[in-house]
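In what follows, a single structure is set out as structure tokens and then discussed.
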Amino acid sequence: MLYGKDKVDILRGSKIAVFGVGGVGSYVVEALARSGVGQLDVFDNDTVAPSNLNRQLIATTQTLGMKKTDAAQQRVSLIAPDCKVVGHCMFYSPETADSVDLSQYDFVVDAVDHVPAKCELAVRCEKLGVRLISSMGTGNKLHPEMLELADIYKTSVCPLARALRTQLKKRGVKKLMCVYSKELPRPPKLDSEGKRCPASNSFVPSAAGLIIASWVVNTLTNEI
């Protein structure tokens, strides 16, 4: 009713890769499935852990210990059984990148936090002419309303965006659409062992994931 049959058909015929099925990526996957995307390839080498329960859609008491790719497949099958989800339990990196043919995708979503992997995806997608959107840091933040869409070279404040910009300049990448926050990261509290581990919540990563999904859907349907 909002997009019309022709644009729904475009989504149904689309094949999208999502790298990282965590706090951001799990919301991307679900929103794309609920939007009628026909095929999703999900990449992640991790398993669902108790620490994921506060922010990841795929994390429930019933999926603890499951591969995140399997949990994503299972969840989407309960929501949109016509959406084909292919799981790839792997750690994407410059060393493993050759095993993935990015040219087959209509869109690639980068929801990983490993700078070399993010850079490799950006370099390869630009070379192939494949559309890509990347998530910057969402941890140690409290305000989803401070998230923005922008080219990587127009971002500020975000430490992950700064690190990625440096690498992309060196490798000649001229542009990269991303979601980032202008909120200064907060230092997390000390854990029981006196260490500071990255902390997160249920609303900043999820908001970033939904913004990314909206960009993908609206770009594919020429609503941008």
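Mind pulling the per residue volume of the convex hull built on the Cα atoms of region 129-224? Å³ is fine.
114
Could you list R12, R186, R165 in order of exposure, starting from the residue whose Cβ has the fewest other Cβ atoms within 10 Å?
Sorted ascending by nearby Cβ count, the order is R186, R12, R165.
So, counting K/R as plus one and D/E as minus one, what does the shell of residues with Cβ under 14 Å around P185 add up to?
Every neighbour counted, the sum reads +4.
Any chance you could get the radius of gyration and Dmax over the Cα atoms of the chain, in Å?
16.8, 56
Suppose we look only past 25 Å in the calculated P(r) of region 82-192. What percent of the Cα-Cα pairs does that tail hold?
Values: 1656 of 6105 pairs.
Pairs farther apart than 25 Å: 27 percent.
For the pair L149 and I79, how long in nm is the line joining their label points, each one 7 Å along Cα→Cβ?
My value for the distance between the label points is 1.9 nm.
Tell me what the chain gives for mean residue ellipticity at 222 nm when only DSSP H runs of n ≥ 4 count, each as -39,500 (n - 2.57), the sum divided by the residue total, rounded to 500 deg cm²/dmol.
That comes out to -10000 deg cm²/dmol.
For region 102-158, with equal point scatterers placed on the C-alpha atoms only and solvent neglected, what are the log10 I(q)/I(0) values from the Debye formula at q = 0.20, 0.27 1/Å, to two decimals?
These q points yield log10 I(q)/I(0) values of -0.82, -1.22.
Bear in mind these aren't lab numbers, they're just calculated from the coordinates by the rules spelled out. On a predicted model such as this, the values are computed, not experimentally measured, just so you know. Methodologically, a virtual Cβ is constructed for each residue, glycine included, from the backbone with ideal geometry; neighbour enumeration extends over all protein chains shown.
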